[in-house]
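Below is one structure, written out as structure tokens; the observations come after it.
Rule-based calculations on the coordinates, nothing more; no lab input. The shown structure was predicted, so the numbers you read here are calculated from the model rather than taken from an experiment. Quick reminder, even Gly has a Cβ in these numbers, built from the backbone with ideal geometry, and neighbours come from all protein chains shown.
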Amino acid sequence: MVELTEAVLVRRACEGELEAMRQLYERHSSRVYTVVRRLAGDDDLAADLAQDAWANAFQKIRAFRGDAAFGTWVHRIAVNTALTRLRQQARRRDLEQSFDGSGTLGNPDRWPASGAADRVMVQRALDKLPEGYRAVLWLHDVEGYTHEEIGAQLGIAVGTSKSQLSKARAKMRSLMEQSKSAEVVDHGASN
Amino acid sequence: MVHLTEETFSELLDGGRVAGAEDHLADCPVCHGELEGLRRLRSELRELPELEAPPQQWEEIAARLPYGRRPWLRGQLRVAAQVAAMAAVFVIGLGLGSMFRSSEPAGEASLPQVVADQPPASSLPDAMADVQRLSAQYNAALANLERLAQQDGTPVPSLAEHRLASLNALVEASRTALSAEPADPVLNAYLFAALEQREEVLRQMGAQPGTRRPGVMWR
């Protein structure tokens, strides 16, 4: 089968061609799912957000002007969709109560085997952060957003974004240390 | 010893400078270790792997999209609509041409009636029916024009040129549709039929004395 260029797929998707949309989805589904999963903190919400993001993207694909790559464009839509939903829901989690190992691991079936334990630990700590902390931390440290951009996205002041970032980093460190300590205890008990 | 605050660590992590912080870090292994731990954690965050989207997610997304259609049907519908529109224009053109040229009463010309503002076909069978209907009208108009041309002694080559222009347009429409669906058998059949017909017209024009064989008209 001939592999079509992304520009051709986008043009066809603009004409409403479902197969072109499916191929665009296949190319970028991991990237979109990953970012909404990181921001959401759990699998079910992430699945909903990814669906919303793709539906939004295809509904407004005629507005895509090709200034950036399609992947960048849809990634941005995914971030916006996730942040909008998270703001609307204003979900808050109880850190101390939920950090007991029963929380989601981000579906370990979809994690690579190599270094999986360490990564699961990082993901789990990230999931346990309060929603606002997690969003600021991920957007700044991984996505590369500035505090001005984060402030605009989340509707908070630049100073608040900076403050949340420092708290988020400290909390992550704390959670990671707790997690490592717990692991040492577990291993000790099983020996 | 008073340790650095989380705000100071964060500032240092982002490459900022905080008065006295470097001196403190040089003397304080606890804060130095904390800063290194934060750096390591940021790296670990950035190295988290991409996750696969849940299976069946595409089906759920597709179910929410209101306008997806099967691509081959779209291609056929598009070319059928183009052919129908072109045939309509050509029939109108022939009809008008024959009216201007005819010395006979209009009633005897028995030109086909073409409804120019007919709504576009909404399905492939409808579009194909339009094509067949317009093709019949086109043939009737062509025969009528040939008869009129023979009656008043006007050379037929202009008629062939009309026909060639129409076939060129049909080739163009077929190629446009095929650029989107190269393997579609129906679209390929349109193109081959149009090319064959065009070749035949070009042969006829070349065989007629005094007829200027046109160069490439469309591509």
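Calculate, in nm to one decimal, what B:R203 and B:A26 gain on full extension: separation in residues at 0.36 nm each, minus their alpha carbon distance. Display every interim value, and only then the final one.
Working: separation 177, 0.36 × 177 = 63.72 nm, distance 9.26 nm.
Result: 54.5 nm gained on full extension.
When the chain is fully extended, how far beyond the present Cα-Cα distance does B:E36 get from B:E7, taking 0.36 nm per residue of separation? Please report the intermediate quantities before stating the final value.
On the way: separation 29, 0.36 × 29 = 10.44 nm, distance 1.51 nm.
Length gained between B:E36 and B:E7: 8.9 nm.
Arranged by the count of other C-beta atoms within 10 angstrom, fewest first, what order do A:R169, A:R31 take?
On the way: A:R169 25, A:R31 17.
Fewest-to-most Cβ neighbours within 10 Å comes out as A:R31, A:R169.
Could you compute the FRET efficiency for A:A117 and A:E177, with r as their C-beta to C-beta distance and R0 at 22 Å, rounded to 0.05?
0.90
For a Förster distance of 35 Å, can you work out the FRET efficiency between the beta-carbons of B:Q56 and A:R65, rounded to the nearest 0.05?
Numbers: r = 32 Å, r/R0 = 0.91.
Efficiency, from the Cβ-Cβ distance: 0.65.
Using θ = phi - 60° and the Karplus form 6.51 cos²θ - 1.76 cosθ + 1.60, what ³J(HN,Hα) does each residue of segment A:163-173 get, whole Hz, x for Gly and Pro?
5, 5, 5, 5, 5, 5, 4, 5, 5, 4, 4
Per-residue HN-Hα couplings for segment A:65-76, Karplus 6.51 cos²θ - 1.76 cosθ + 1.60 at θ = phi - 60°, whole Hz, x for Gly and Pro?
9, x, 5, 10, 5, 4, x, 5, 5, 6, 4, 5
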